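Below is one structure, written out as structure tokens; comments come after it.
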Amino acid sequence: MIIGVVGKPSVGKSTFFKACTLSEVEIASYPFTTIKPNRGAGYVRVKCADRDFGKQCNPSSGFCINGTRFVAVELVDVAGLVPGAHEGKGMGNQFLSDLNQADLLIHIVDASGTANEKGEVSENYDPCFDVEFLEKEIDLWYLDVIRRGWDKITRLARQKGAAGNEMSAQISKALAEQLSSFKVTNAIAKNSITASGLKEEDFERWPEESLRQLAAELRKRTKPIIIAANKMDLPKSKVNIERLKNKFPDYKIVPCSGDAEVALRMAAKAKLIKYLPGDPDFEIIAVGNDASARPLSEAQATALEKIRFFLKEFGSTGVQHVLDTAVFDFLQYIAIFPGSSKGLTDSKGNVMPDCFLMPPDSTALDFAFRLHTDFGKTFLYAIDVRKNQRIGKEHKLKHRDVIEIISAAK
Ligand SMILES: Nc1nc2c(ncn2[C@@H]2O[C@H](COP(=O)(O)OP(=O)(O)O)[C@@H](O)[C@H]2O)c(=O)[nH]1
Ligand SMILES: [Mg+2]
């Protein structure tokens, strides 16, 4: 899963990205390569299954602190969004390919209204414009690709129909084929066509304007957007977030402060405080006359107390909450731990080294394929390790299940 961090300049994208990717502990490895500077691992919080078995896990990627497991998700800082972007203004190939690969977009909005549509210093700017703008811009980009490819898409559909297939299902297949780089699948194309009030078999007579809605429906399903209302520490943000919530009741809007999260993670890394990303508070470590203790400077102490005040009001800095909301609440992913009824240790002696994020409705068989194609192909049955119960391939998995796959490949 790839999560794109988008928004106009100066809203705090890079700060948010830094906050998510900065980690107190040294991370041995990611489940993916991060060779580009604008790519990195963010982590979602999962209550680890290790404690339920009276164990301490040794994650092979991510980390686990006191029973809270941080599972990696790939983040991309997608810079370069400006008005007119879909027409190619300021939108390089890099921007498009970064955007293309994302499964979900976190739209960082400057809730304080201190930057105009180009990101220049301003006053009383209404962030609702940014939400409308981004949605429109991405919808137009989809529309543009559909329009430019329309002759080809319809030709493909006719060919498929002529090849003896039932004409009524060919346009969705042709759309999915042409828009595969946007992660449009057959099912997504079908649902989008229906949601646009169109009938597949009439595709030769679809009105031109209907393509606009079709583009929007395809976009919604392949690039869903959640909003991080950033800079909540600034004065006008509270009024503006209410405005956002009223105007966009269908959007998930999470208040946050990227700056505060960066400060806390840096302080934790420097061993000045104890802080777990997403926590409602932190604890100052370095006090007293102990020679090894590094007392906080006056400025540090003041800055931290200001952040504590923010945490009290908002429950957390919100940054971790944005990621957790995106993955678990919005995309409804579930975390699954591979395990075994014979023990939770792998061949190298690591306890519960892995935790996988799976899409909603994943079955035991899906999980087998996720572990290894061979496990999927030669799947026999699975075991729900918590209950020590056999489950079949169609069995739907739940968040925090511990599952063993029994296959002929083992
Ligand atoms: N007050 C405040 N400023 C922030 C916050 N997050 C980011 N900023 C500031 O906003 C400015 C732009 O941030 P940056 O991450 O470079 O924005 P980008 O252009 O979207 O990548 C910087 O000065 C940040 O320190 C926040 O939560 N509160
Ligand atoms: Mg930036």
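The values are calculated or read from the model by the stated rules, or taken from the named source; none is laboratory data. Remember, it's a predicted structure, so these values are computed and weren't measured experimentally. Every residue, glycine as well, gets a Cβ built from its backbone with ideal geometry; the counts of neighbours run over all protein chains shown. For accessibility, only protein heavy atoms count, side chains too; no ligands or nucleic acids. Shrake-Rupley method; radii C 1.70, N 1.55, O 1.52, S 1.80 Å.
Any chance you could look up the accessible area of Y333 with a 1.4 Å probe, heavy atoms only, rounded to 10 Å²?
Looks like 50 Å² after rounding.
Which residues does the label zone of T185 cover in the stretch 1-19, counting backbone N under 20 Å from a point 7 Å along Cα→Cβ?
Within reach of a label on T185, which here means backbone N under 20 Å from a point 7 Å along Cα→Cβ, the stretch 1-19 contributes 1-4.
Based on the Cβ-Cβ distance of A303 and D346, what FRET efficiency does E = 1/(1 + (r/R0)^6) give at R0 = 56 Å, to the nearest 0.05? Mind dumping the intermediate values first?
Details: r = 43 Å, r/R0 = 0.76.
Efficiency for this residue pair is about 0.85.
Return the sequence-ordered ³J(HN,Hα) values of the stretch 55-65 in whole Hz as given by the Karplus equation 6.51 cos²θ - 1.76 cosθ + 1.60 applied to θ = phi - 60°, using x for Gly and Pro.
So the J values, rounded to whole Hz, are 10, 10, 7, 10, x, 7, 9, x, 7, 9, 10.
Compute, for the chain, the length of the dipole vector about the Cα centre, with Cβ point charges of +1 (Lys, Arg) and -1 (Asp, Glu) only. Units Debye, rounded to 20.
On the way: 56 positive and 53 negative charges, 191 e Å.
In debye, rounded to 20, the chain gives about 920.
For the full complex of protein chains and a 1.4 angstrom probe, list K18, K13 by accessible area with the highest value first. List each step's numbers first, then the result.
On the way: K18 90, K13 20 Å².
Largest to smallest exposure gives the sequence K18, K13.
With each pseudo-label sitting 7 Å past Cα toward Cβ, what's the S97-T194 distance in nm, one decimal?
With each label placed 7 Å out from Cα toward Cβ, I get 3.6 nm.
Using only the heavy atoms of the protein chains and a 1.4 Å probe, how would V121, V78, V351 rank by accessible area, largest first?
Numbers: V121 140, V78 0, V351 20 Å².
The most accessible residue leads, giving V121, V351, V78.
Could I have the simple spin-label model distance between K47 and K271, label points 7 Å from Cα toward Cβ, reported in nm to one decimal?
3.2
In nm, what is the difference between 0.36 nm times the number of residues separating N38 and K238 and their Cα-Cα distance?
Working: separation 200, 0.36 × 200 = 72.00 nm, distance 3.00 nm.
Result for the pair: 69.0 nm of gain on full extension.
Given +1 on the Cβ of Lys and Arg, -1 on the Cβ of Asp and Glu, and no further charges, what dipole in debye does the stretch 333-407 carry about its Cα centre, rounded to the nearest 20?
Numbers: 11 positive and 9 negative charges, 37 e Å.
About 180 debye.
With 28 Å as the limit, write out which pairs from K173/K220; K269/K396; K36/K190; K36/K398; K55/K312; K47/K220 have Cα-Cα distances beyond it, or answer none. Mind showing how you got there, number by number?
Details: K173/K220 18 Å; K269/K396 40 Å; K36/K190 35 Å; K36/K398 34 Å; K55/K312 33 Å; K47/K220 30 Å.
Checking Cα-Cα distances, K269/K396; K36/K190; K36/K398; K55/K312; K47/K220 exceed 28 Å.
Which of A163, G54, T317 sits closest to the plus end of the dipole of the chain, meaning its Cα is farthest towards the positive end, when Lys and Arg get +1 and Asp and Glu get -1 on the C-beta?
G54
In whole Hz, what ³J(HN,Hα) sequence does the stretch 129-145 give by Karplus (6.51, -1.76, 1.60; θ = phi - 60°), x for Gly and Pro?
With coefficients 6.51, -1.76 and 1.60, one gets 4, 5, 5, 4, 4, 4, 4, 5, 4, 6, 4, 5, 5, 4, 4, 4, 5 Hz.
Between the stretch 312-391 and the stretch 110-167, how many Å separate their Cα centres?
34
Regarding the chain, what is the average projected area of its C-alpha convex hull, in nm²?
Values: hull surface 96.9 nm².
Taking a quarter of the hull surface, the average projection is 24.2 nm².
Want the number for Q159 to D126: 0.36 nm per residue separation, take away the alpha-carbon distance, what's left?
Result for the pair: 7.0 nm of gain on full extension.
Helix-derived [θ] at 222 nm for the chain: sum -39500 (n - 2.57) over DSSP H runs of at least 4, divide by residue count, nearest 500? Kindly include the intermediate steps, with their values, before the conclusion.
Details: 12 runs with 144 residues, N = 410.
Helix-only estimate at 222 nm: -11000 deg cm²/dmol.
With the calculation restricted to Cα positions, what are the radius of gyration and Dmax of the stretch 135-222 in angstrom?
My reading of the Cα-based Rg and Dmax gives 11.8, 39 Å.
List every residue whose amide H lies under 5 Å from the amide H of L380, counting only residues 5 or more places away in sequence or on a different chain, with H placed 1.01 Å from N in the peptide plane.
HN-HN under 5 Å from L380: I406, S407, A408.
Would you mind getting the Kirkwood hydrodynamic radius of the stretch 333-407 from its Cα pairs, rounded to one decimal in Å? It would help to have the intermediate numbers written out before the result.
On the way: mean 1/r = 0.0828 Å⁻¹.
Result for the stretch 333-407 stands at 12.1 Å.
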